[in-house]
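To start, the structure under review is shown below, and the notes come after it.
The values are calculated or read from the model by the stated rules, or taken from the named source; none is laboratory data. Predicted, not measured: the structure shown is a model, and the values here were computed from it. For neighbour counting, all protein chains shown are included, and Cβ atoms are generated from backbone atoms with ideal geometry for every residue, glycine included. Just the protein is used for accessible areas: all its heavy atoms, side chains included, with ligands, DNA and RNA removed. Shrake-Rupley method; radii C 1.70, N 1.55, O 1.52, S 1.80 Å.
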Amino acid sequence: MNTSLRDLAPGALGMALVGSSVGVSRSLVHAPLFATQAVRYAVATLLLLALARAARVPVLRPRGREWLWLGGIAATGLVLFNVAVVRGVAHAEPAVIAVAVASVPVLLGVIGPLLERRSPSRRVLLAAPVVVAGAVLVEGTGRTDAAGVAWAALALACEAAFTLLAVPVLGRHGPWGVSVHAVWLGAVMLGGLTLLTEHPSGLAAVGPAQWAAAGYLAVMVTAVAFLLWYRTVAAVGAGRAGLLTGVAPLAAAAIGALCGGGLPGLPVWLGLVVVVGGLAAGLRTPRPGSRPGPGPVRTRPQPQPQPRKDRTPASP
């Protein structure tokens, strides 16, 4: 398999899992928002720690400013994003929020390379609006008001922050460490919001189908998808990885059709072609001799054990 394709495949799969969460999350509309999400991220934390231990991957303790970056991921990409989506749909049709989130490739294509101390790739900058346009065709448009636009803009910023704030800490912590710390910090924040705005006893009213949905979100959309996504960001950089967010609306549309939503209309099929074309243009491997685009986030290599030197002379 081509090295670039091998690096991009985890991120594409992760975004497909994120897209699948749209249909699953509908069953949690009437469940306690913060309490259910707190349980989701707590379960995901335990799973990530168990997987890391089984894989013998060390999870380092954050230090200094790393707490700010990781806390920012949890506060924006996990907590505030969920609030923006839930509050936003009260003022705007879901398509409006989805279109805003689909605009993430443009932000990541510009800001991501700057955080990596590299110049933005011209190929990525040209492909990002194409991917966004295709996502808009897939998601459609919708009615909204001024408050809905504000919530949509906040959702966009939070979705971008989920990737951008990870760039400074991926080098030392890697995908495993960033995922573990962001998820447990998010669980703590959501637990605090539960105590302030809800009542934990409300979880007793959550039914089996809702718990099954929360379990899927915890395992596949949180633990697995986080690892896959941050692995790709570390390997190819935030700019190129950002284009893969265009996979999420495609997955959401496909799963909606499979779950009885019927075959998509012509705009959705056209959007599919546009997204695929944008991804192909922006993610293709540069030709030899061409100017390279934004590179990967280099993880710090683990120290290798040195052979012990015998202090006594060797026997003849």
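Pick from 213, 241, 254, 225: which is open to solvent by 40 Å² or more (accessible area, probe 1.4 Å) and closer than 19 Å to residue 18 by Cα?
254 is the lone residue from the list that is open to solvent by 40 Å² or more (accessible area, probe 1.4 Å) and closer than 19 Å to residue 18 by Cα.
From the list 4, 25, 21, exactly one residue is surrounded by 14 or more Cβ atoms within 10 Å (Cβ to Cβ), more than 24 Å from residue 195 (Cα to Cα), over 15 Å from the mean Cα position of the chain (by Cα) and of a type in the set (Ser, Thr, Tyr). Which is it?
None of the others qualify; the one that does is 4.
Taking residue 205 as the residue in question, decide whether it is surrounded by fewer than 16 Cβ atoms within 10 Å (Cβ to Cβ), among the aliphatic types (A, V, I, L, M), touching a Pro at 6+ places or on another chain (Cβ under 7 Å) and modelled with pLDDT under 90.
Taking the combined requirement at face value, the residue does not satisfy it.
Could you go through segment 266-280 and let me know if any residue there is within 23 Å of residue 166 (Cα to Cα), modelled with pLDDT under 70 and β-branched (Val, Ile, Thr).
No.
Could you list all residues from segment 20-42 that are within 18 Å of residue 84 (Cβ to Cβ) and assigned to a helix (DSSP H, G or I)?
21, 22, 25, 26, 28, 33, 34, 36, 37, 38, 40, 41
Do you know which of the residues in segment 43-71 that are outside any loop (DSSP other than H, G, I, E, B) and in contact with a Phe, Trp or Tyr (Cβ under 6 Å, 6 or more places away or on another chain) is surrounded by the most Cβ atoms within 10 Å (Cβ to Cβ)?
Applying the filter and picking the extreme gives 45.
Quick one: residue 180 ticks every box in (1) more than 15 Å from the chain's Cα centre (by Cα); (2) of a type in the set (Val, Ile, Thr); (3) surrounded by 22 or more Cβ atoms within 10 Å (Cβ to Cβ) except a single one, so which number is it?
(1)
What is the one condition in (1) buried (at least 22 other Cβ atoms within 10 Å of the Cβ); (2) under 15 Å from the mean Cα position of the chain (by Cα) that residue 131 does not satisfy?
All conditions pass for residue 131, except number (2).
Looking at segment 6-27, is at least one residue out of contact with any helix residue (DSSP H, G or I) (no Cβ under 8 Å at 6 or more places or on another chain) and of a type in the set (D, E, K, R)?
Looking for residues that are out of contact with any helix residue (DSSP H, G or I) (no Cβ under 8 Å at 6 or more places or on another chain) and of a type in the set (D, E, K, R), one finds at least one in segment 6-27, hence yes.
Pick out the one residue from 128, 90, 100 that is within 20 Å of residue 154 (Cα to Cα) and not in a helix (DSSP H, G or I).
On the way: 128 fails: not in a helix (DSSP H, G or I); 100 fails: not in a helix (DSSP H, G or I).
It is 90.
Quick check: anything in segment 211-233 assigned to a helix (DSSP H, G or I), more than 19 Å from the chain's Cα centre (by Cα) and either over 30 Å from residue 117 (Cβ atoms) or at pLDDT 80 or above (or both)?
The answer is yes, given that some residue of segment 211-233 is assigned to a helix (DSSP H, G or I), more than 19 Å from the chain's Cα centre (by Cα) and either over 30 Å from residue 117 (Cβ atoms) or at pLDDT 80 or above (or both).
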